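Colleague: First the structure, which I've put down as structure tokens, then a few questions once you've had a look.
The values are calculated or read from the model by the stated rules, or taken from the named source; none is laboratory data. Fair warning: this is a prediction, and the values are worked out from it, not measured in the lab. No Cβ is skipped: glycine too gets one built from the backbone with ideal geometry, and neighbour counts run over all protein chains shown. For the accessible areas, the whole protein counts, side chains as well, though only heavy atoms, and no ligand, DNA or RNA atoms are used. Shrake-Rupley method; radii C 1.70, N 1.55, O 1.52, S 1.80 Å.
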Amino acid sequence: MRIIESKAKTIFTKTKLPASDWVINQYVGCSHNCTYCYAKFIQRWKNYGKWGSFVEAKINAPELVKDKYVKGTLFMSSVSDAYQPIEK
């Protein structure tokens, strides 16, 4: 499993998901590599290899959310699993 550490400029993304106003994706990619995964489309913007072989971790996510507030509902991990095995 390749782990790519990156620093994000922002962590809150406005979304058009029906149940949420904002989303936080603290990861890109996923080591689970589920057959039914709908998030594989993200790979077209990332050149990290085959889906399921990498996880990009936004290492500065905690500082980007600290003392921040967004109005509306917030959804976690719309394009990756929120519970990655790399968190062990």
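Colleague: Using the beta-carbon distance between residue 5 and residue 73 and R0 = 25 Å, what value does 1/(1 + (r/R0)^6) give for FRET efficiency, to the nearest 0.05?
Modeller: 0.30
Colleague: So what are the ³J(HN,Hα) numbers for the range 36-52, from phi and the Karplus equation (6.51, -1.76, 1.60; θ = phi - 60°), rounded to whole Hz, Gly and Pro as x?
Modeller: Computed from phi, the couplings for the range 36-52 are 8, 4, 8, 8, 4, 4, 4, 4, 5, 9, 10, 10, 9, x, 5, 4, x Hz.
Colleague: Residue by residue, what Karplus-based ³J(HN,Hα) values in Hz, rounded to whole numbers, does the range 71-88 have, using 6.51, -1.76 and 1.60 with θ = phi - 60° and x for Gly and Pro?
Modeller: 3J(HN,Hα) across the range 71-88, in whole Hz: 7, x, 8, 10, 10, 9, 6, 7, 10, 6, 6, 6, 10, 7, x, 5, 6, 3.
Colleague: A further question on this structure: Just the accessible area per residue of the chain, please: how many Å² with a 1.4 Å probe?
Modeller: 71 Å²
Colleague: Hey, got the dipole for the chain? About the Cα centre, +1 on K and R Cβ, -1 on D and E Cβ, debye to the nearest 20?
Modeller: It works out to roughly 280 debye.
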